[in-house]
Amino acid sequence: MNKIKELFNIQYPIIQGGMIWASGWRLASAVSNSGGLGLIGSGSMYPDVLRDHIQKCKKATSKPFGVNIPMLYPNLDEIIQIIIEEGVKIVFTSAGNPKTYTSYLKEKGITVVHVVSSLKFALKAQDAGVDAVVAEGFEAGGHNGRDETTTLALIPMVKEKINIPLIAAGGIATGAAMYAVMALGADGVQVGSRFVASDEASSHIDFKNMVVEAKEGDTQLTLKELAPVRMLKNKFYQDVAALYATAPSVDELKTLLGRARAKRGMFEGDLTEGELEIGQVSGLIHDIKPVATILEDMIREFDIVHHKMNNITL
Ligand SMILES: Cc1cc2nc3c(=O)[nH]c(=O)nc-3n(C[C@H](O)[C@H](O)[C@H](O)COP(=O)(O)O)c2cc1C
């Protein structure tokens with residue numbers, strides 16, 4: 001039995017990554033109803049908004065779903081209390097120290113997964129007692145590590161050293177990519193960018209269309225001094241790049257980033273001044289589809305590739 005299917009009691013070892021301004025109850029419940037694991041992204045939600053999304057998700061699906069908590073944002077204690085009160089059974093933490101909440105959440109009977117971008121942090125997460133890790137490569141959309149380790153290099157290195165289930169993320173939008181990372185030792189996958197271009201994502205339609213139009217080379221990981229993030233190279237990105245040319249201080253970068261850039265870009269559709277987080281794999285995403293179709297396509301392609309590989313001899 002596949003370890004990730006068993007851990008979460010799901011049909012396919014495919015997790016929809018928590019994504020600020022994209023993964024509300026509609027996306028999470030659609031993924032769970034289609035046999036994957038949907039995650040509500042709490043990073044862009046005030047505590048009462050999160051409670052509403054959890055309650056709506058419970059009504060929209062009888063299947064398991066979880067909440068992602070990026071530890072970059074405020075109100076963490078309140079968010080954790082809501083998750084416990086609402087009986088959520090799965091939490092993915094990210095962008096912080098896995099020691100902070102893992103044992104507390106586990107005492108409450110919650111399955112805990114932590115997202116990492118390096119082997120060092122994978123070992124730290126395992127030590128903290130998490131049930132699984134997501135190892136996310138440099139090509140992924142959104143916030144990421146500073147070390148630039150790609151998924152192809154990271155997954156086998158993490159696999160070699162940890163003994164808990166391993167979920168691969170970064171650059172996975174197709175069944176073939178899923179097959180590839182599972183060949184490298186992953187037990188399942190976490191998919192982000194592909195689900196942004198879905199009917200059910202809460203991202204602004206203009207952002208979704210820009211993702212569909214994106215080509216290879218249209219994203220960049222930047223703002224490493226603050227919190228490294230991969231985004232589309234729009235005007236806001238060009239402004240960041242121009243500021244870098246002046247060897248700015250961290251405070252100057254913070255001032256340019258300002259507040260609410262991510263909401264402005266991804267939720268409100270300001271493609272010029274907003275921050276548009278997406279992965280390198282956006283160059284391979286050519287349409288906006290319903291979640292059910294995305295999952296069906298991935299599974300069908302996985303099976304085709306599996307068959308093809310069985311017929312290859314070297
Ligand atoms: C728009 C966007 C927002 C994201 N927000 C979060 C977040 O709030 N928390 C988190 O842990 N990861 C976040 N991520 C990362 C995803 O959960 C996922 O790990 C990543 O997108 C996988 O790489 P891919 O984009 O190549 O599929 C975000 C990614 C995107 C594209």
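Nothing in this text is a laboratory measurement; each read-out follows from the coordinates by a stated rule. All of these numbers come straight from a predicted model, not from anything done at the bench. Please note: Cβ atoms are built from the backbone with ideal geometry, for glycine as well, and neighbour counts cover all protein chains shown.
Between K106, K63, K120, the residue with the greatest mean-square fluctuation in the GNM of the chain (Cα pairs under 10 Å linked by springs) is K120. Counting only Cβ charges, +1 for Lys and Arg and -1 for Asp and Glu, the dipole size of segment 1-151 around its Cα centre is about 380 debye.
Sort out for me the Cα centre separation of segment 123-195 from segment 272-288, rounded to whole Å. Using only Cα atoms, the two centres lie 20 Å from each other. Could you tally the net charge around G192, taking each other residue with its Cβ under 12 Å from the Cβ of G192, Lys/Arg +1 and Asp/Glu -1? Neighbour charge sum, excluding G192 itself: -1. With a Cα cut-off of under 22 Å and a minimum spacing of 8 residues unless on different chains, the lysine pairs in segment 205-281 number 14.
Comparing G137, N310, V229 along the charge dipole axis of the chain, the residue lying farthest to the positive side is N310, per the Cβ-charge model. Once Lys and Arg get +1 and Asp and Glu get -1 on their Cβ, which of F267, P74, L166 lies farthest toward the positive end of the dipole of the chain? The Cα lying farthest towards the positive end belongs to L166. Need one number: nm distance between label points at V212 and D303, each 7 Å from Cα along Cα→Cβ, rounded to one decimal. Taking the simple label geometry, V212 and D303 are separated by 2.7 nm. Taking the Cβ of R261 as the center, what net charge do the other residues with Cβ under 13 Å away carry, scoring Lys and Arg +1 and Asp and Glu -1? After counting each charged neighbour, the total is -1.
When shorter helices are ignored and each DSSP H run of at least 4 residues is given -39500 (n - 2.57), the per-residue value for the chain at 222 nm works out to -11500 deg cm²/dmol.
Residues considered: K208, K124, K108. Largest GNM mean-square fluctuation over the chain, using C-alpha springs under 10 Å, is found at K108.
Under the convention that each Lys and Arg Cβ holds +1 and each Asp and Glu Cβ holds -1, the size of the dipole of segment 205-281 around its Cα centre is about 120 debye.
Straightening the chain between R259 and K89 buys 58.0 nm, computed as 0.36 nm per residue apart minus the Cα-Cα spacing. Full extension of the chain between I312 and E268 gives 11.1 nm of extra length, using 0.36 nm per residue less the Cα-Cα distance. Overall, the chain carries a charge dipole of about 540 debye about its Cα centre when +1 sits on the Cβ of Lys and Arg and -1 on the Cβ of Asp and Glu, all other atoms neutral. Ignoring aspartates and glutamates fewer than eight residues from K120 along the same chain, the ones with Cα atoms less than 15 angstrom from its Cα are E136, D147, E148, E160. Restricted to Cα atoms, segment 163-303 shows a radius of gyration and a Dmax of 16.6, 51 angstrom.
Length available on full extension from K56 to K108: 0.36 nm per residue minus the Cα-Cα distance, which gives 16.5 nm.
Here is the tail figure for segment 205-281: Cα pairs spaced more than 21 Å apart come to 21 percent of all pairs. Model label sites at K233 and I288, defined 7 Å from Cα along the beta-carbon direction, differ in position by 2.5 nm.
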